[in-house]
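The values are calculated or read from the model by the stated rules, or taken from the named source; none is laboratory data. Since this is a predicted model, take the numbers as computed values, not measurements. Cβ placement follows ideal geometry from the backbone for every residue including glycine, while neighbour counts extend to all protein chains displayed.
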């Protein structure tokens with residue numbers, strides 16, 4: 001199983017636990033379906049940052065990064081890789097989340 005699929009499962013569970021929302025599919029457009037709104041997006045970003053020890057810079061964020069569980073998992077993977085590449089110990093610690 002790929003890392004993105006593992007991350008997708010964690011993101012899906014995070015959405016269920018923290019936002020009390022069940023996601024039908026990892027590819028569902030959560031914005032178009034009205035599952036996420038501006039308030040829940042902010043909450044979700046905060047939970048992603050805390051859970052995965054990443055920093056989501058709003059200036060660099062594209063709305064498509066948050067449309068689906070799969071796109072969020074890809075974003076988390078990309079940010080973890082770039083933000084923890086210079087610290088191998090931290091990279092190992094956050095890899096255990098997957």
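With the checklist (1) modelled with pLDDT of 90 or more; (2) in a helix (DSSP H, G or I) in hand, flag the one item residue 4 doesn't pass.
Only one criterion in (1) modelled with pLDDT of 90 or more; (2) in a helix (DSSP H, G or I) is unmet by residue 4, namely (1).
Across region 30-54, what is the number of residues that are over 14 Å from the mean Cα position of the chain (by Cα) and exposed (fewer than 15 other Cβ atoms within 10 Å of the Cβ)? Explain how you work it out, then say what you get.
Filtering region 30-54 for residues over 14 Å from the mean Cα position of the chain (by Cα) gives 31-35, 37-39.
If we keep only those that are exposed (fewer than 15 other Cβ atoms within 10 Å of the Cβ) too, we end up with 32-34, 37-39.
Adding up the residues that qualify gives 6.
For region 35-51, check the following and say yes or no: at least one residue is in a loop (DSSP other than H, G, I, E, B) and either touching a residue at least 24 places away in the same chain (Cβ under 8 Å) or touching a helix residue (DSSP H, G or I) at 6+ places or on another chain (Cβ under 6 Å) (or both).
Initial filter on region 35-51 (in a loop (DSSP other than H, G, I, E, B)): 35-37.
Imposing the further condition that a residue be either touching a residue at least 24 places away in the same chain (Cβ under 8 Å) or touching a helix residue (DSSP H, G or I) at 6+ places or on another chain (Cβ under 6 Å) (or both) reduces the set to 36.
Among the residues of region 35-51, at least one is in a loop (DSSP other than H, G, I, E, B) and either touching a residue at least 24 places away in the same chain (Cβ under 8 Å) or touching a helix residue (DSSP H, G or I) at 6+ places or on another chain (Cβ under 6 Å) (or both), which makes the answer yes.
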